1. Please state which one of 355, 374, 329 is touching a strand residue (DSSP E or B) at 6+ places or on another chain (Cβ under 9 Å) and closer than 22 Å to residue 231 by Cβ.
2. Would you mention how many residues in segment 262-287 are in a loop (DSSP other than H, G, I, E, B) and more than 15 Å from residue 317 (Cβ to Cβ)?
3. Which of the residues that make up segment 288-302 are within 29 Å of residue 184 (Cα to Cα) and either in a loop (DSSP other than H, G, I, E, B) or over 18 Å from the mean Cα position of the chain (by Cα) (or both)?
4. Identify the single condition in (1) farther than 26 Å from residue 215 by Cα; (2) surrounded by fewer than 17 Cβ atoms within 10 Å (Cβ to Cβ) that residue 295 does not satisfy, given that it satisfies every other one.
5. Is it the case that residue 80 is assigned to a loop (DSSP other than H, G, I, E, B), over 13 Å from residue 155 (Cβ atoms) and either at pLDDT 95 or above or in contact with a helix residue (DSSP H, G or I) (Cβ under 6 Å, 6 or more places away or on another chain) (or both)?
6. Any idea which of 222, 193, 256 is in contact (Cβ under 8 Å) with a residue 12 or more places away in the chain, surrounded by fewer than 17 Cβ atoms within 10 Å (Cβ to Cβ) and touching a helix residue (DSSP H, G or I) at 6+ places or on another chain (Cβ under 6 Å)?
7. Has segment 85-94 got any residue that is in the same structural domain as residue 128 (by TED's automatic domain parsing) and touching a helix residue (DSSP H, G or I) at 6+ places or on another chain (Cβ under 9 Å)?
8. Could you list all residues from segment 28-74 that are part of a strand (DSSP E or B) and in contact (Cβ under 8 Å) with a residue 40 or more places away in the chain?
């Protein structure tokens, strides 16, 4: 059956629409604090239950437990601290018991009920979470840029900010209902931050062979130059699903989330998120959530051995490639042919082809998907 939420139940923290106007009328009474994109996405995920069982930003005791044990103080697996950093001005003006109005891009997005404002050791934080204190690691660099204090407390999410992708987002309680309506008892989730190539498709279809349904869950969030635009990723997947998947075998829904690039720890975190959406299985590929050479090739798979009580089954896959000897897609576990018969899927080659207005080789990308991407004009973030 659909997996139980992490911790036993979904924790939703959304302010009812009828109460939002009252809050806006009283906003001058609150201390107002602005958050960045990653923290806003955390607020949204706290609000809708994607981060269940958390109800807000963690306190110093939970932080220590997560850093040292990869578990909450109640022994529930949890690997990535969900924190909000604040400056000296916040610390001097806000006390325990105060309510803060959080804003994102000048839009009120949450109320924070302050339980604690505390200092923390940034170097300890990054070494535990990222296994490195190298400032060239993007996650480490971000933490080093935090203000000097963290604030904890439950939040109440205000769903006022819109980015144009609302029609593509289903809350955990909605995906769970949809899976139930379709009669799915086993659901495999697939996370992606890219347009689909043949390797992705074969991983998904291999996983789908063993379960009732596939939950494709693209991550939308901050982008760097050269990344595919969010709308391009969605259109590419819609095209692939239309032409190459059985009807009603796939649910496509986004999640807005700021990647930490924490490798193994973040792989566990991503699995917990999909568990809350109702998935029973989660695909973990090579170097999941990694960056550069900070983590071992399959370290993000190996960490799952430490969490037999996670409550969602990881599915581990090796890298897929096209093998001329096999006459189709294969991977290193099942292909007997030498390397010179293998066509590895190269993101660089795919991008280069699309930038020049040419389809990538059919061994790398479905022609319908490539055509749809090119129809959208410039598909890359500048």
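The values are calculated or read from the model by the stated rules, or taken from the named source; none is laboratory data. The structure displayed is predicted, hence computed values, not measured ones. Cβ coordinates were reconstructed from backbone atoms using ideal geometry, including for glycine residues, and neighbour counts include every protein chain displayed.
1. From the options 355, 374, 329, the qualifying one is 355.
2. Adding up the residues that qualify gives 5.
3. Passing the criteria: 288, 289, 302.
4. (2)
5. Considered against the rule, which asks whether it is assigned to a loop (DSSP other than H, G, I, E, B), over 13 Å from residue 155 (Cβ atoms) and either at pLDDT 95 or above or in contact with a helix residue (DSSP H, G or I) (Cβ under 6 Å, 6 or more places away or on another chain) (or both), residue 80 comes out as yes.
6. Details: 193 fails: touching a helix residue (DSSP H, G or I) at 6+ places or on another chain (Cβ under 6 Å); 256 fails: surrounded by fewer than 17 Cβ atoms within 10 Å (Cβ to Cβ).
From the options 222, 193, 256, the qualifying one is 222.
7. yes
8. Listed by number, the residues that qualify are 31, 32, 33, 34, 56, 57.
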